[in-house]
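Worksheet for the structure shown next.
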Amino acid sequence: QVQLVESGGGLVQAGGSLRLSCAGSGRTSSYALAWFRQAPGKERELVAAIKWGGNSNYPDSVKGRFTISRDDAKKAAYLEMTSLKPEDTAVYYCAADPWNRGGAHPGQYIYWGQGTQVTVSS
């Protein structure tokens, strides 16, 4: 069984930076790991994904501003967010895909954390 716990969310001004962490337990080293976000009234959307092996994937909305990384020895994933905008405000979730697909659809991910709130003020 895999459990994921996010941390690092908070309130930041526009243009600022935050680093989110995802601590995993159980077998995660061969899984794709991803960060999704969900704002009120909106669908959950992919922010970044990284496959076991290192290939990463970002939507255009965050490309160049966000960086995903993983440390398999620590069973952890990270999301470095820079140049934050008010529209980045959302609950951010860590997710794991046992089939290492690293895709954009939430349904591909079996394991989810409880989420951490990120609020960007203008």
Check: Taking segment 57-72, which residues are without any contact (Cβ under 8 Å) to a residue 24 or more places away in the chain and within 22 Å of Trp99 (Cβ to Cβ)?
Finding: Tyr58, Ser69, Asp71
Next item on the list: Check whether at least one residue in segment 30-53 is touching a Lys or Arg at 6+ places or on another chain (Cβ under 9 Å) and among the acidic types (Asp, Glu), and report yes or no.
Entry: yes
Check: Name the pairs whose Cβ atoms lie under 6 Å apart, with the first residue in segment 8-30 and in contact (Cβ under 8 Å) with a residue 60 or more places away in the chain and among the small types (Gly, Ala, Ser), the second in a loop (DSSP other than H, G, I, E, B) and open to solvent by less than 30 Å² (accessible area, probe 1.4 Å), and 6 or more positions between them or separate chains?
Finding: Gly16/Leu84
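Results for (1) in contact with a Gly (Cβ under 6 Å, 6 or more places away or on another chain); (2) closer than 27 Å to Gln1 by Cα; (3) assigned to a loop (DSSP other than H, G, I, E, B), shown as yes or no for each residue.
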| residue | (1), (2), (3) |
| --- | --- |
| Lys42 | no, no, yes |
| Pro59 | no, no, yes |
| Ser69 | no, yes, no |
| Lys74 | no, yes, yes |
| Ala96 | no, yes, no |
| Gln114 | no, yes, yes |
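State whether the residues of segment 68-77 include one that is crowded, with 17+ Cβ neighbours inside 10 Å and hydroxyl-bearing (Ser, Thr, Tyr). Lay out the reasoning, then the answer.
Going residue by residue through segment 68-77, those that are crowded, with 17+ Cβ neighbours inside 10 Å are 68, 70, 75-77.
Next, only the ones that are hydroxyl-bearing (Ser, Thr, Tyr) stay: none.
There is no residue in segment 68-77 that is crowded, with 17+ Cβ neighbours inside 10 Å and hydroxyl-bearing (Ser, Thr, Tyr).
Within the group Leu84, Leu46, which residue is at pLDDT 95 or above, open to solvent by less than 60 Å² (accessible area, probe 1.4 Å) and in a strand (DSSP E or B)? If you could, list the steps in order and put the result at the bottom.
Values: Leu84 fails: in a strand (DSSP E or B).
Testing whether each residue is at pLDDT 95 or above, open to solvent by less than 60 Å² (accessible area, probe 1.4 Å) and in a strand (DSSP E or B) leaves just Leu46.
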Notebook entry, point to check: Which of the residues belonging to segment 98-120 are buried (at least 21 other Cβ atoms within 10 Å of the Cβ) and closer than 19 Å to Ser56 by Cα?
Noted result: Gly102, Tyr109
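Quick test for you: out of Trp52, Trp35, pick the one residue that is open to solvent by less than 30 Å² (accessible area, probe 1.4 Å) and touching a residue at least 12 places away in the same chain (Cβ under 8 Å).
On the way: Trp52 fails: open to solvent by less than 30 Å² (accessible area, probe 1.4 Å).
Being open to solvent by less than 30 Å² (accessible area, probe 1.4 Å) and touching a residue at least 12 places away in the same chain (Cβ under 8 Å) holds for just one of Trp52, Trp35, which is Trp35.
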Notebook entry, point to check: Do any residues in segment 96-122 that are over 21 Å from Pro40 (Cβ atoms) have Cβ atoms under 9 Å from those of residues that are of a type in the set (Val, Ile, Thr) and at pLDDT 95 or above, where the two are at least six apart or on different chains, and which pairs are they?
Noted result: Ala96/Ile110; Asp97/Ile110; Pro98/Ile110; Trp99/Ile110; Gly102/Ile50
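The values are calculated or read from the model by the stated rules, or taken from the named source; none is laboratory data. Please read these numbers as outputs of a predicted model, since none were measured by experiment. Cβ sites come from the backbone with ideal geometry, for glycine too, and all protein chains shown count toward neighbours. These area figures cover heavy atoms from the full protein model, side chains too; ligands, DNA and RNA do not enter into them. Shrake-Rupley method; radii C 1.70, N 1.55, O 1.52, S 1.80 Å.
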